[in-house]
Amino acid sequence: MLEWLNDNVISALAPIMLLATGVFFCFILRFFFIRHPIKMIRSMIKREHKGGISPFRAVTLALAGTLGVGNIAGVASSIAIGGYGSVLWMWVSALVAMVLKYAEIVLAILHRRVDRKSGEYHGGASYYIEDHFASRGKKARGRALGGIFAILCVVNSISMGCMIQSNAVSTSFEGVFDVKAWIVGAIIALLCITVITGNAEWVSGFCEKTVPIMTVVYILLSVAVIAARWEAIPSVFAAIFDNAFDLPSAAGGVAGFIISRQLKAGTMRGLMSNEAGCGTAPTAHAAANTSSAAKQGFWGIFEVFVDTVLLCTLTAIVIILAGGDALRYADNPMMMAIKSYSLVLGSWSEYFMCIAVVLFAFATIVCWAHYGKESLHYISKKKWLSAIYIVLFTVFVFVGAVAAPAYSWLFADISIGLMTIINLPVLVAMRKEIKRETEGFFARKND
């Protein structure tokens, strides 16, 4: 029953809604991210942090949740499905995702709450969903729908954000370093519990240090491949554009963008590499100490750029440079990506790729643990509930590393798909708030 629901309803409806809603917001917000890039960049680099979590820290926390192993394997999946031309459609899809991520973050800042005791911010999709219905005299309905969204987020944190990520780490370590999966699982679980027991500021501080490191490591490795075959770069882009308008490539590109967080093919596995539209990243951004919802929203656009335009593009170039030899591993996207690097640089690069997988996956685990805790906080303020969640999350980290159940992907697909289906109509219904905040920011001269 669940498989039928996922295959025939969720996986068909969510991608269409994402693309349609993204295009809708591009037009009603008049493509502001293309028309005003200088003002956006100036506002982002302007220092205004006065305690709490800085806007940049909030971004690194959100990036930790989106920069998973799928940035590596997901791109391989899109190329295996639709050929080299699928890369162009990933770029096109990124433009749609940028405005969706922006819209979510704006609403998260406008509708967040402040804890009177700690002074911390709490917010996310559940809160603005509740407020939307409350403004129409239907608070009970909004609270119920916000609670459903929070429960789905908890389910997804256990499945996609925990078990699937830890399994990717243990599989990589076992394959490259010949370390037993249970040993890797125990180490990850121990490290995980030492980090996730902290508050949002502690978790964001961890991500502020690790996210830039793992991003730089991956970029340097990719640049090394490009430098080794620099003369072939023109032919790479020629192959992308020549193949881009074939029907299979277009379909593969859209599917690849939608599944770019997954370890194997599947329409709804991870939705999008940057999770735009599903309502998860607003949880991280809501904790930022910022003077403007629009300013924080600009950082969401930056996330999409780093996640899809930069990192996914680098992965795609490396795979194309490796050529037909890499395509021999098309049935295993992770190995297809890893072998693309080693085919050019040598077997030593597999060790660096394994380290990259560890950094990407562990940061994702930590971020999703925070998302789960925040979702439970929306449902109930009881501290014992959060404590139970932390224990269960840590146990599932170990279980996932040893043997992630096949159904973990199914639960991830269904939960994040339903989150998207709930979130997008609310974004459209609250479009006037988003538009008013955006136009107000660009009308002010001092911002």
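The values are calculated or read from the model by the stated rules, or taken from the named source; none is laboratory data. Predicted, not measured: the structure shown is a model, and the values here were computed from it. In this analysis, Cβ positions are derived from the backbone assuming ideal geometry, glycine residues included, and neighbour counts consider all displayed protein chains. The accessibility values were calculated without ligands, DNA or RNA, using every heavy atom of the protein model including side chains. Shrake-Rupley method; radii C 1.70, N 1.55, O 1.52, S 1.80 Å.
Points to keep in mind about this one:
- For region 87-93, Karplus couplings with θ = phi - 60° (6.51, -1.76, 1.60), whole Hz, Gly/Pro x: 4, 4, 6, 5, 5, 4, 5
- Derived scalar couplings ³J(HN,Hα) [region 424-440; Karplus, 6.51 cos²θ - 1.76 cosθ + 1.60; whole Hz; x for Gly, Pro]: 4, x, 5, 4, 5, 5, 9, 4, 5, 5, 5, 5, 5, 5, 5, 5, x
- Sum of side-chain charges, Ser340 neighbourhood, beta-carbon under 15 Å (Lys, Arg +1; Asp, Glu -1): 0
- Mean accessible surface per residue for region 99-166, computed with a 1.4 Å probe while every protein chain stays in place, in Å²: 38 Å²
- Per residue, the accessible area of region 381-445 comes to 51 Å² when a 1.4 Å probe rolls over the protein heavy atoms.
- Note on region 354-447: Cα-Cα pairs beyond 17 Å make up 70% of the total pair count.
- The spacing between region 277-342 and region 95-172, judged by their C-alpha centroids, is 21 Å.
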